[in-house]
Amino acid sequence: MESSKVDLAFQFAGLRMANPVILASGVIGISAGLLRRAAREGAGAVITKSFGITAREGNPGPVVTEVSSGFLNSLGLPNPGADEMKNEIVEARNGGVPVIASVYGFNEDEYAKVATLAKEACADALELNVSCPHVQEVGIEIGQSPELVYRVTKAAKSSFSGPLIVKLSPNVSDIVEIGEAAAKAGADALTATNTVRAMTIDIDVRQPILGGKFGGLSGPAIKPIAVRCVYELYERVPLPIIGCGGITKWQDIVEFMLAGASAVQVGSAVAYGDLAVFRELVEGLRDFMSAHGYTRLEEIIGTAHI
């Protein structure tokens, strides 16, 4: 089959996207210029850096270190605050792809307020970061509690009229329970997953390398965990899923989609290479589908389930 007959365009939770490969939050998402560049390089949508109501400096350094098969970061959610990010979102929307605002808060009132600010900036969708593994009261406490996830999701949903995505944590005993709470509160989609809580120690100085001691592990090392999370959610939670964790090649995208993801997010691969990775991933996915006689994404999503 000719690759030109493969149609990667689709609707995801109300968003019209040219392809399912999304720039993940936390990599280059503060600058509108870089978000637009990711769009030019082939990203189907882009997600901002997570931001709250007010500016935040983040954790003391070092905040990022490379480990086997990935990165460990303890950034601590540094961001310029919602007022500054509103301007970046407005500019980023000129890139021609959906701009998804990633937001966080320390309680449901803060999630509702920052969701309102994202709405004022005309963000196309909202992704709730309830799963940061290295900031207390944002990820560790909220993302592991079905009750808290329900409350912040419901609060944000009441303040934002567009699609609302909840980014789940893998650092839980039952991710389906958390996903069900988000769905019950009105979430339109789920992202699985955020980084895995981890640490690394310098054996010469006998101290943790990261300034925050613990961090979030990303990259290829966590992909099997993320694929498992997507697979479990697909079977029990009736919401579309974005797969996230360790995607560096088109084969990873196919694996996530077979597990049940309708779209994917790419983060660490940008750090390994450059933004051209989006075009490479999209072309690889298109070639795979053409070689196997598929014309639409729906034909492969979830087909690993028996």
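The values are calculated or read from the model by the stated rules, or taken from the named source; none is laboratory data. Note that the structure is a prediction, hence the values are computed from the model and not measured. We place every Cβ from the backbone using ideal geometry, glycine too, and count neighbours over all the protein chains shown.
Remarks
- Subset of region 145-188 [in a loop (DSSP other than H, G, I, E, B), in contact (Cβ under 8 Å) with a residue 40 or more places away in the chain and of a type in the set (Gly, Ala, Ser)]: SER161, GLY162, ALA187
- Some residue of region 41-52 being without any contact (Cβ under 8 Å) to a residue 40 or more places away in the chain, of a type in the set (Asp, Glu), within 19 Å of SER268 (Cα to Cα) and surrounded by fewer than 21 Cβ atoms within 10 Å (Cβ to Cβ): no
- Some residue of region 205-216 being part of a loop (DSSP other than H, G, I, E, B) and free of Cβ contacts under 8 Å to residues at least 60 places away in the same chain: yes
- Filtered by the rule that a residue be out of contact with any helix residue (DSSP H, G or I) (no Cβ under 6 Å at 6 or more places or on another chain) and of a type in the set (A, V, I, L, M, F, W, C), region 72-118 gives LEU72, LEU75, LEU77, MET85, ILE89, VAL90, ILE100, PHE106, ALA118.
- Matching option when the condition is in contact with a Gly (Cβ under 8 Å, 6 or more places away or on another chain), farther than 24 Å from ALA45 by Cα and surrounded by 18 or more Cβ atoms within 10 Å (Cβ to Cβ), among ILE178, ILE241, ILE253: ILE178
- Any chance ASN94 is out of contact with any Gly (no Cβ under 8 Å at 6 or more places or on another chain) and either in contact (Cβ under 8 Å) with a residue 24 or more places away in the chain or assigned to a helix (DSSP H, G or I) (or both): yes
- Unique residue being under 29 Å from GLY95 (Cβ atoms) and among the hydrophobic types (A, V, I, L, M, F, W, C) when the list is ALA183, ALA187: ALA187
- Considering only residues in region 65-84 that are without any contact (Cβ under 8 Å) to a residue 60 or more places away in the chain and in contact with a Gly (Cβ under 9 Å, 6 or more places away or on another chain), the one that is farthest from GLY143 (Cα to Cα) turns out to be GLU66.
- There is no residue in region 280-291 that is modelled with pLDDT of 95 or more, within 26 Å of LEU34 (Cα to Cα) and in a loop (DSSP other than H, G, I, E, B).
- Verdict on ASP274 being part of a helix (DSSP H, G or I) and surrounded by fewer than 17 Cβ atoms within 10 Å (Cβ to Cβ): no
- Which numbered condition GLU147 fails, given (1) under 17 Å from ILE178 (Cβ atoms); (2) of a type in the set (D, E, K, R); (3) crowded, with 18+ Cβ neighbours inside 10 Å: (3)
- Selection status of LEU23, among the hydrophobic types (A, V, I, L, M, F, W, C) and in contact with a Lys or Arg (Cβ under 8 Å, 6 or more places away or on another chain): no
- Residue in region 192-216 that is farthest from the chain's Cα centre (by Cα), counting only those that are aliphatic (A, V, I, L, M) and closer than 20 Å to CYS229 by Cα: ALA198
- The set of residues in region 51-63 that are small (Gly, Ala, Ser) and touching an Asp or Glu at 6+ places or on another chain (Cβ under 8 Å) comprises GLY52, ALA55.
- Residues in region 181-195 that are within 17 Å of GLU232 (Cα to Cα) and modelled with pLDDT under 95: 2 in all.
- GLY105 vs. criteria buried (at least 21 other Cβ atoms within 10 Å of the Cβ), over 16 Å from the mean Cα position of the chain (by Cα), assigned to a loop (DSSP other than H, G, I, E, B) and modelled with pLDDT under 95: yes
- Among the conditions (1) small (Gly, Ala, Ser); (2) over 26 Å from CYS132 (Cβ atoms); (3) touching an Asp or Glu at 6+ places or on another chain (Cβ under 7 Å), the only one that ALA291 does not satisfy is (3).
- Boolean, LYS113 is surrounded by fewer than 20 Cβ atoms within 10 Å (Cβ to Cβ) and at pLDDT 95 or above: yes
- Criterion violated by GLY76 - all others in (1) under 11 Å from ARG36 (Cα atoms); (2) touching a His at 6+ places or on another chain (Cβ under 7 Å); (3) not basic (Lys, Arg) satisfied: (1)
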